[in-house]
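The values are calculated or read from the model by the stated rules, or taken from the named source; none is laboratory data. Fair warning: this is a prediction, and the values are worked out from it, not measured in the lab. Cβ placement follows ideal geometry from the backbone for every residue including glycine, while neighbour counts extend to all protein chains displayed.
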Amino acid sequence: MNEGKKIEISRRVILKAAVIGSCYSVACSSLPLVAWAGDVPAVEHPMLTPGNYTNKGRCPNCGMNLNMWARTRHEFENSEGEFATCSIRCLADMSVNTDENPAKVQVAVYLQPEKMVDAAQASYLIGSTASGTMTMKSKIAFASKEAAEEFSSTHGGKVVDFNGALTAATKELTMSRPKIEAKRKKKGKIEDPGPEARCPVCGMYPARYPQHRSQLSTADGKRYHFCSSQCLIAFQANPKQYVKDAAKTKSIWVTVFPDGGYEYGMGLYYLVGSSILGPMGKEALPYRSKVAADKAASENGGKVVRFKALNPALVMGE
């Protein structure tokens, strides 16, 4: 499909777009993703048809599959390394959380998801009828301003540069978080533990510890709730010690401290060895922001690490 080309849409295609549009995009709950005037682009987003647009795997900020969300993916660098996100929303979130401006940013061309361009040279369209990813208003990229304007003439939206799109995505972060959590719960990605659910490690009731509870889902569809990150990390290190037929971990969600709310566990900063205790005593406290985690460490002792560095010995200070 060529950039800027006007597309004739059948009712069947629009219905398909409506189904696809009920995705993770927060726009699903706040903006119409489908119009019946023939102005919805007939593009598949998310990419449900198998394709190999990137070898980066999953978004480190939210855990979504980057090949599925190829049209809106971004790649960039910061002091922690090289990253690829599903969207400009997750790029904005990581930039705020690390307190760093992203460098060497590349963005996928929305209508040619196999193609990446320098984000500084790209043009973004905000608020069109084309589905975005994770943002309250759709934000999609084009290789040129002319292509973005031609697409806008049919599908609406405002043309801005990368800085304009990043600023808009950053401003939405606080408001979008509860909407994203609600969408994840509706889709069954996460769920609150019921009053009868028990932690498989210690036997306590996670529902009684809303500041510290976490959960893990497996490739075979099972979900385990934990009262604390201490129990989560113990389980992750040796699941067969606690359950039979332990399957591969699919996703991990933890409660952000002290703000509350579930977030993708891999994308956070963890304070270990501090004087702040959880339900089981010593805890790996998840912070969204590195600045906040470092501040907590300076006030309460301990050190800040990423999820991949966590293990039971580190959490317990052994």
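For a quick check of your reading of the model, give me the residue pairs whose first member lies in the stretch 70-90 and is touching a residue at least 40 places away in the same chain (Cβ under 8 Å) and of a type in the set (Gly, Ala, Ser), whose second is surrounded by fewer than 21 Cβ atoms within 10 Å (Cβ to Cβ) and not in a loop (DSSP other than H, G, I, E, B), with beta-carbon atoms closer than 9 Å and at least 6 apart or on different chains.
That search, which allows pairs on different chains as well, returns 70/114.
Return yes or no: is residue 127 crowded, with 24+ Cβ neighbours inside 10 Å, among the small types (Gly, Ala, Ser) and assigned by TED's automatic domain parsing to the domain that holds residue 64?
Values: crowded, with 24+ Cβ neighbours inside 10 Å: no; among the small types (Gly, Ala, Ser): yes; assigned by TED's automatic domain parsing to the domain that holds residue 64: yes.
No, not satisfied.
When you scan the stretch 175-191, do you find a residue that is over 30 Å from residue 101 (Cβ atoms), outside any helix (DSSP H, G or I) and not charged (D, E, K, R), even just one?
There is at least one residue in the stretch 175-191 that is over 30 Å from residue 101 (Cβ atoms), outside any helix (DSSP H, G or I) and not charged (D, E, K, R).
Of all residues in the stretch 279-296, count the ones that are closer than 23 Å to residue 312 by Cβ and either touching a helix residue (DSSP H, G or I) at 6+ places or on another chain (Cβ under 6 Å) or without any contact (Cβ under 8 Å) to a residue 24 or more places away in the chain (or both).
Residues of the stretch 279-296 closer than 23 Å to residue 312 by Cβ: 279-287, 293, 296.
Okay, now just the ones that are also either touching a helix residue (DSSP H, G or I) at 6+ places or on another chain (Cβ under 6 Å) or without any contact (Cβ under 8 Å) to a residue 24 or more places away in the chain (or both), so 280, 282-284, 287.
Of the residues in that region, 5 qualify.
Please tell me if residue 240 is at pLDDT below 95 and within 25 Å of the chain's Cα centre (by Cα). I'd like the intermediate steps shown before the answer.
Numbers: at pLDDT below 95: yes; within 25 Å of the chain's Cα centre (by Cα): no.
No; evaluated as a whole, the condition is false for this residue.
Scan the stretch 138-159 residue by residue and report those that are under 22 Å from residue 179 (Cβ atoms) and surrounded by 19 or more Cβ atoms within 10 Å (Cβ to Cβ).
Within the stretch 138-159, 138, 139, 140, 157 qualify.
If the requirement is being over 18 Å from residue 63 (Cβ atoms), in the same structural domain as residue 308 (by TED's automatic domain parsing) and of a type in the set (Val, Ile, Thr), which of these qualifies: 243, 201?
Answer to the check: 243.
Restricted to the stretch 41-82, and to residues that are hydrophobic (A, V, I, L, M, F, W, C) and touching a helix residue (DSSP H, G or I) at 6+ places or on another chain (Cβ under 6 Å), which residue is modelled with the lowest pLDDT? Please lay out each step first, then the result.
Initially, the stretch 41-82 is screened for residues hydrophobic (A, V, I, L, M, F, W, C), giving 42-43, 47-48, 59, 62, 64, 66, 68-70, 76.
Now drop any that are not touching a helix residue (DSSP H, G or I) at 6+ places or on another chain (Cβ under 6 Å), which leaves 42, 47, 59, 62.
Details: 42: 73, 47: 93, 59: 97, 62: 96.
Among residues in the stretch 41-82 that are hydrophobic (A, V, I, L, M, F, W, C) and touching a helix residue (DSSP H, G or I) at 6+ places or on another chain (Cβ under 6 Å), the one modelled with the lowest pLDDT is 42.
Do the conditions hold for residue 302, that is, is it without any contact (Cβ under 8 Å) to a residue 40 or more places away in the chain and crowded, with 20+ Cβ neighbours inside 10 Å?
The answer is yes for residue 302.
Report, by residue number, each residue of the stretch 77-99 that is over 13 Å from residue 63 (Cα atoms) and either outside the structural domain of residue 173 (by TED's automatic domain parsing) or not in a helix (DSSP H, G or I) (or both).
77, 78, 79, 80, 81, 82, 99, listed by residue number.
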